[in-house]
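Chemist: Can you keep this structure in mind? I'll have questions shortly.
Read the figures in this text as sums done on the coordinates, not as results from a lab. Because the structure is a prediction, the values reported are computed rather than measured. Here the Cβ positions follow ideal geometry from the backbone for every residue, glycine too, while neighbour counts run over all protein chains shown.
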Amino acid sequence: MKKILVPVDFSAHSEYALEVAANLAKKMDAEIIVVHMLGLSDAILTKDESQEFMEAKFYMELARKRFSEFLDKPFLKGIKLSETVQNYKIFTEIGEVAKEHGADLIVMGSHGTSGLSEIFVGSNTEKVVRSAETPVLVIKESRPQFQIKKVVFAFDFKIESIAAYHRALSFFSPFKAAITLVHVNLPGINFLSSTEISKDIQAFLRTAHHGDVPAHISVENVCDYSVEDGVYNFAKENKADMIVIPTHGRSGLSHFFKGSIGEDIANHVQLPVMTFKI
């Protein structure tokens, strides 16, 4: 991991994300790229060129001044840091910014659905999670001692998820984290018998690891009324450092991960949540 993109709105929650990114950057000797979405209104952009130029210049300078103050943090000392101000208003464009800069990870703060953030409320978190090809790490709370030692990976054990699975394992390899693959068995139409679940799990592991599953990877099957509850409860009980979700984006997760479970977990759970696009 060489570059980490951090979208900021100068709020406390984007500072939480920046601090986690700084922690990762120090461990991985990575660069942090901080982006602020200026989002000038259509009213400004429809004015004549001279007015537009002067107002755009004013807001750009204001944003740069706020950057100077916002980035004056002790935890950023010694980290290679660059900043950019973009006139984006659509949150799906965060993924494009990550591509342009060659970022390996997006770290963003989120207030969740009940938040009153200027920018990163829950729905916008979902937009970035759904659209970005780059892995997204969502931070909800201050985590100055952030570490990656115990990871809960919510998984459906479908062959189509192997590529995302391998990308996740590659990402976590430098951290030497213990990874638990968690299958959530749901009541009703999505219910699977123990035999069916075991068959799917064994077939996936044989394909993904050619029969040689690393010692730091374990598998758990849990029962709950929703995938979100099952994953979160297991992670909480086992004191996990983060939850990982593979996502199809707009089409939701395969098999029992239907609808927008990946986005819902990223939006509601207080633990750090990372998503990998399938």
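Chemist: Just to check I understand the Karplus step: with θ = phi - 60° and J = 6.51 cos²θ - 1.76 cosθ + 1.60, what whole-Hz values come out for the range 183-190, glycine and proline as x?
Modeler: Per residue, the Karplus-derived 3J(HN,Hα) values read 9, 9, 8, 9, x, x, 5, 8 Hz.
Chemist: On a C-alpha basis, how far is the centre of the range 126-154 from the centre of the range 214-231 in Å? Whole number, if you could?
Modeler: 18
Chemist: Which entries of K80/K277; K26/K158; K80/K158; K26/K199; K2/K199 show an alpha-carbon separation above 32 angstrom in the structure shown?
Modeler: K26/K158; K80/K158; K26/K199; K2/K199
Chemist: Another question, if that's okay. Take the residue pairs K140/K236; K3/K73; K149/K236; K77/K149 and return only those whose Cα atoms are more than 22 Å apart.
Modeler: Pairs exceeding 22 Å: K77/K149.
Chemist: At a 10 angstrom cut-off on C-beta neighbours, averaged per residue, how do the peptides 171-180, 153-162, 69-78 rank from highest to lowest?
Modeler: Going from most to least packed, we get 153-162, 171-180, 69-78.
Chemist: Got a sec to turn the phi values of the range 26-36 into Karplus ³J(HN,Hα) couplings, 6.51 cos²θ - 1.76 cosθ + 1.60 with θ = phi - 60°, whole Hz, x for Gly and Pro?
Modeler: 5, 6, 9, 6, 9, 9, 10, 10, 9, 10, 10
Chemist: Using label points projected 7 Å from each Cα along Cα→Cβ, tell me how many nm separate Q202 and N190, to one decimal.
Modeler: Output for this residue pair reads 2.5 nm.
Chemist: For E83, what residues show an amide H to amide H distance below 5 Å, using hydrogens built from the backbone and excluding near sequence neighbours?
Modeler: When sequence neighbours closer than 5 places are left aside, the close amide H contacts are V34.
Chemist: Then there's this: Extension gain K149-K236, at 0.36 nm per residue separation less the Cα-Cα distance, in nm? Let's see the in-between values first.
Modeler: Numbers: separation 87, 0.36 × 87 = 31.32 nm, distance 1.41 nm.
Extra length from K149 to K236 when fully extended: 29.9 nm.
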